[in-house]
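Participant: Structure incoming, see below.
The values are calculated or read from the model by the stated rules, or taken from the named source; none is laboratory data. All values reported here derive from a predicted model rather than from experimental measurement. For neighbour counting, all protein chains shown are included, and Cβ atoms are generated from backbone atoms with ideal geometry for every residue, glycine included. Just the protein is used for accessible areas: all its heavy atoms, side chains included, with ligands, DNA and RNA removed. Shrake-Rupley method; radii C 1.70, N 1.55, O 1.52, S 1.80 Å.
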Number of protein chains: 2
Amino acid sequence: MRALGRHVILELYECDSEVLKDLGKVRDEMMEAARRAQATIVTTIFHEFSPFGISGVVVISASHLSIHTWPENRYAAVDIFWCGADVQPQAAIDHLAQMFGAERISVVELKRGVLVENHLEMKLDPLAGHLLQPVSP
Amino acid sequence: MRALGRHVILELYECDSEVLKDLGKVRDEMMEAARRAQATIVTTIFHEFSPFGISGVVVISASHLSIHTWPENRYAAVDIFWCGADVQPQAAIDHLAQMFGAERISVVELKRGVLVENHLEMKLDPLAGHLLQPVSP
């Protein structure tokens, strides 16, 4: 099935809290992750919350990378969304996991915008009992 | 299981292509979606790609909403990420589906940053055969 975009959901647990509170460091490492993924950075936006916690987005020509950090829980939620074959998310994942000192990570990759090319209308065939048969076009 | 964040993955198919190419309209409807979700907008960033397609992020105090549009495929990928109990994502979903004229949508909600609170080490109890018993702390 063809998909328009790809999306990595990255959970970084047991990170270095001091890094997760440092806006400059989080921004620099997210930008470096985008570069290592071979993405072209369009613009960035980072925001620091009180008492702590950082939200940030790196808009790339192929979509975006985002991050939200919970220093008090040593956790960061990262999303990497891209289209096209040029982006190498593995390099971004490796970089962030190392720079944030994550001791445990989870990676899930989703296809986004899946185009189902053959929509076969299905109906119950009374002769076949419970079997479903595609309707001829 | 307690989670630090919640994340809605919203797929909008068979949308109005003209809306999906209109940066001003996409930005306005994303900001209105954030307001309807009772979120506090911190800042926004929207970018138009050539020949068409829009990427945008609304940073909210509770995290973010993002969008990527493929007008030529009548598709938009939306993510709504939030923490806390105040955000009402259903209102944002309803608003965007209606404003973009989506004829088919998919909604998946994920927990992010799940904190497993009782790590019980499990061992095989030789007296109980195959039954697993938690190890006392």
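Participant: Averaged across the residues of B:53-66, what count of C-beta atoms belonging to other chains lies within 10 Å of each residue's C-beta?
Facilitator: 5
Participant: Return the distance in nm (one decimal) between the two label points of a simple spin-label model at A:Arg104 and B:Glu109, each offset 7 Å from Cα along Cα→Cβ.
Facilitator: 2.5
Participant: How much accessible area does A:Asp22 have with a 1.4 Å probe, in Å² rounded to the nearest 10?
Facilitator: Rounded to the nearest 10, that gives 70 Å².
Participant: Determine how large the accessible area of A:Glu11 is when every protein chain is in place; take a 1.4 Å probe and give Å² rounded to the nearest 10.
Facilitator: Roll a 1.4 Å probe over it and A:Glu11 shows about 10 Å².
Participant: Note down the net charge around A:His7, summing +1 for each Lys or Arg and -1 for each Asp or Glu among other residues with Cβ under 14 Å from its Cβ. Please report the intermediate quantities before stating the final value.
Facilitator: Values: positive: A:Arg6, A:Lys111, A:Arg112, B:Arg112; negative: A:Glu11, A:Asp79, A:Glu109, B:Glu11, B:Asp79.
Taking every Cβ under 14 Å from that of A:His7, the sum is -1.
Participant: Once the label point is set 7 Å along the Cα-to-beta-carbon vector, what list of distances in nm do you get between A:Glu72 and its counterparts in the other copies?
Facilitator: Values, ascending and in nm: 4.8.
Participant: Let me know the mean shielding of A:33-43 by other chains, meaning the per-residue number of their Cβ atoms within 10 Å of its Cβ.
Facilitator: Working: counts 0, 0, 0, 0, 0, 0, 0, 0, 0, 4, 5.
Mean number of neighbouring Cβ atoms from other chains: 1.
Participant: Relative contact order of the stretch A:22-86, please, whole-number percent, based on alpha carbon pairs below 8 angstrom and at least 6 residues apart. Intermediate values should be presented prior to the final figure.
Facilitator: Working: 108 pairs, mean separation 15.8, N = 65.
For the stretch A:22-86, the relative contact order is 24 percent.
Participant: What is the mean number of Cβ atoms from other protein chains located within 10 Å of the Cβ atom of each residue in peptide A:77-84, rounded to a whole number?
Facilitator: Numbers: counts 9, 1, 7, 0, 5, 1, 4, 0.
Taking all residues of A:77-84 together, the mean is 3.
Participant: To continue, here is another question. Can you compute the modelled spin-label distance between A:Glu32 and A:Val116, with each label point 7 Å from Cα toward Cβ, in nm?
Facilitator: 4.4
Participant: With the label 7 angstrom out along Cα to Cβ, how close does B:Glu14 come to the same site in each of the other copies, in nm, nearest first?
Facilitator: The projected label point of B:Glu14 is separated from its counterparts by 4.8 nm.
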